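Report on the structure given below.
Every read-out reported here was derived from the displayed coordinates using simple, explicitly stated rules and does not represent laboratory data. Worth saying up front: this structure is predicted, and the values here are computed from it rather than measured. Cβ coordinates were reconstructed from backbone atoms using ideal geometry, including for glycine residues, and neighbour counts include every protein chain displayed.
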Amino acid sequence: MPPLNVALVPGPDQVVVRLTGDADMSTVPLLSDALTQGAGLGTRQVVVDIAGASFWDCSGLHALATFTGELAAAGRSCRIVGALAATRRLIGLADLTGRLVLDGPLPARPTSPPAPVRRAVPARRPVSGHPVPVRGAQSPVAAGRFARRD
């Protein structure tokens with residue numbers, strides 16, 4: 001498992017806490033410290049970018065949920081960006097969807113049916129040595145390729 005790495009990117013209106021690696025029970029103290037440092041910069045919003053986090057367990061997600069609740073109680077907000085589909089599923093299974101604000105929730109099911117799969121038709125080979133006609137193509141005689149030679 002790659003260790004959790006944290007980068008703080010301060011801005012005028014928000015601070016981004018960028019996470020890469022694995023967030024699990026062993027890295028919760030580092031995660032909590034980074035979130036606290038980000039909140040300590042005093043911006044109205046803390047954005048937690050988890051696109052580079054390759055693994056989450058429930059302890060890491062609960063640390064995020066606790067932090068989000070503490071910020072909300074202080075009139076500030078925390079937004080989670082870059083959550084992969086597996087992380088979103090885990091958030092749902094842990095019943096944290098109401099406590100974590102994710103960017104762009106995934107639809108429950110596709111909005112349009114998938115396009116039908118078209119199978120390639122193998123080219124037919126002439127059996128008797130005569131060319132096989134191709135739809136929409138000009139015949140070899142009409143094209144002048146097999147002109148009569150008298």
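May I ask for the equivalent-ellipsoid semi-axes of the stretch 29-77, computed as the square root of five times each C-alpha gyration tensor eigenvalue and listed largest first in whole Å?
With the √(5λ) rule applied to the stretch 29-77, the semi-axes are 19, 12, 10 Å.
Do me a favour and compute the ellipsoid semi-axes for the stretch 5-93 from its Cα gyration tensor, root of five times each eigenvalue, largest one first, whole Å.
After scaling each eigenvalue by five and taking roots: 20, 13, 12 Å.
Would you pull out the residues with amide H under 5 Å of Cys78's amide H, same chain only if 5 or more places away, H placed 1.01 Å from N?
Under 5 Å from the amide H of Cys78: Val46.
Order the peptides 7-19, 55-67 from the highest to the lowest mean number of other Cβ atoms within 10 Å of their residues.
55-67, 7-19
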